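Below: the structure, in structure tokens.
Every number in this text was worked out from the coordinates using simple rules, so none of it is lab data. Keep in mind it's a predicted model, so treat the numbers as computed, not measured. Every residue, glycine among them, receives a Cβ derived from its backbone with ideal geometry; neighbour counts consider all protein chains shown.
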Amino acid sequence: MRVRFLLLRVFVTGLVLSSASTAFSSPNWLNKGQPAAKKAVRVPFDPGERIRYKISYKGLPVGESVLTFYGERALNGRKVYYFVFTSSLPTVQDEEKLYADPRTMLPVRIDRVVKRLGNFPLRIQETYDQDTHRVRIKRKGNFGTKEFTIQRNAPVQNAILLSYYYRSMDPLDAPYEGVVTLPTLELKVLGKGKEYIKTLLGDFPAQVFASIPPKFKLWLSADERRIPLRIEDPNAFGYSLEIKKIEYLGKEELEGNR
């Protein structure tokens, strides 16, 4: 079973074992053809925000994912936003450390470790060069180390960061349409308006995003925080992430995770 956040390549690419990338521009100028902002985009989430999700497969609970935003960090002398995404299933433990450009929410580097029962850990490092639209990938597992490069024709995103990208957009007052460019696939993403959604935390009005072809569906709370409430694979696999708890780390926990 694969788990990769279920947003592109199913935002969990089946839910825990694959890497997907998407191409976007900065949240504030996506459809305006303007250069990237020089300052960090204003985001509706604070350092220390931690969201816990129930992972389900065809309606049955199979594990938990945890998504944490640690705020600003330094990476090779560069200011970045730092996120950690973990998924736990009976036979798989997956941790990703994600570093994103605060101006665009585009990934800078991702360090990932996947531990599967009976196997050596799979270690993956993805380094993004957004100027040349390239991703350098290094994978180290049971059968040695493999390095390769993916070349695209637009800035390259990351599946896990995609929900934060949409959270950073201005609230939608009109129909929305965007394009997601994956290493081997392009998806159209539509803003589908608002609807009420039932979750383990209660019922909420939500802004809905969906892809064409149908690879993912995302519900963000229709308030100023735009919390990812549910992420769903609408095809036959039937995977979903549903929010079950949101909490905030204290200063010591934030400072300790550097």
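Structure data summary
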{"read-out": "Contact order normalised by residue count of the stretch 49-256, Cα under 8 Å, 6+ apart, percent", "value": "16"}
{"read-out": "Whichever aspartates and glutamates have a C-alpha closer than 17 Å to that of residue 251, once near sequence neighbours (fewer than 8 apart) are set aside", "value": "46, 49, 72"}
{"read-out": "Order of 230, 136 - criterion: other Cβ atoms within 10 Å of each residue's Cβ, fewest first", "value": "136, 230"}
{"read-out": "Scattering curve values for the stretch 212-252, log₁₀ I(q)/I(0), Debye with Cα scatterers, q = 0.25, 0.26, 0.34 Å⁻¹", "value": "-0.89, -0.92, -1.12"}
{"read-out": "Nearby aspartates and glutamates by direct alpha-carbon distance to residue 146 (threshold 17 angstrom, same-chain neighbours under 8 apart not counted)", "value": "111, 126"}
{"read-out": "Computed E for residue 50/residue 132 - FRET, C-beta separation, R0 30 angstrom, nearest 0.05", "value": "0.30"}
{"read-out": "Lys/Arg +1, Asp/Glu -1 at C-beta; the stretch 49-256 dipole; positive extreme among 84, 178, 249", "value": "84"}
{"read-out": "Kirkwood-based shape ratio for the stretch 49-256, expressed as Rg/Rh from alpha carbons", "value": "0.95"}
{"read-out": "Size of electric dipole in the stretch 49-256: Cβ of Lys, Arg +1 and of Asp, Glu -1, about Cα centre, debye, nearest 20", "value": "640"}
